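Here is the structure we will look at, set down as structure tokens.
The values are calculated or read from the model by the stated rules, or taken from the named source; none is laboratory data. Given the structure is predicted, the values throughout are model-derived calculations rather than measurements. Cβ: placed from backbone, ideal geometry, glycine included. Neighbour counts: every protein chain shown.
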Amino acid sequence: MKETKTLIFFKPDQEHSKKLYLVNEGISAGFPSPADDFKELRISIDQEVVRNEEATFYARVSGESMKGAGLDDGDLLVIDRSLEPQDNKIAICFIEGEFTVKRLKVEKDCVYLMPENKKYQPIKVSDGDELIIWGVVTYVVKKL
């Protein structure tokens, strides 16, 4: 099953960026320490996840083909177009007129777009296929 979806991209807007509170100490995943006082700092999510503002875009995941990589339907992706695509990176690909998010598998004579869900088949990029690696996924923002 080949899954490609149309993605809507939008650029980060520094003007409307909000600063959020960050607890300065690490949050224990074990037993809480009653002696710890939490110190707060202000952070901007954009400043944390955006390395190159001019080349950074956001898009929402549509579908389940990358579920095994932790990309679920509705998750927000941070995409950097200035990064070089490499083997094993998750990328936004434009193939045969459609966008899809897949893991790149680069072999000597071939490129595959690999899903992370056994219900979907890898997409083998042939010589005649039009493939553009549009950007590399650097972060995913999830709802819990």
Those residues of the range 101-119 which are buried (at least 16 other Cβ atoms within 10 Å of the Cβ) and among the hydrophobic types (A, V, I, L, M, F, W, C), in sequence order: 101, 104, 111, 113, 114
Members of the range 90-119 found to be in a loop (DSSP other than H, G, I, E, B) and in contact with a Lys or Arg (Cβ under 7 Å, 6 or more places away or on another chain), listed by number: 110, 115, 116, 117
Test for residue 127: is it under 13 Å from the mean Cα position of the chain (by Cα), free of Cβ contacts under 8 Å to residues at least 24 places away in the same chain and in a loop (DSSP other than H, G, I, E, B): no
Residue within the range 105-115 that is closer than 16 Å to residue 66 by Cα, among the β-branched types (Val, Ile, Thr) and touching a strand residue (DSSP E or B) at 6+ places or on another chain (Cβ under 8 Å) present: no
Entirely in the range 1-89, the strands (runs of 3 or more DSSP E) that have 2 or more residues that are surrounded by 11 or more Cβ atoms within 10 Å (Cβ to Cβ), at pLDDT below 85 and not assigned by TED's automatic domain parsing to the domain that holds residue 100: 19-23, 40-44
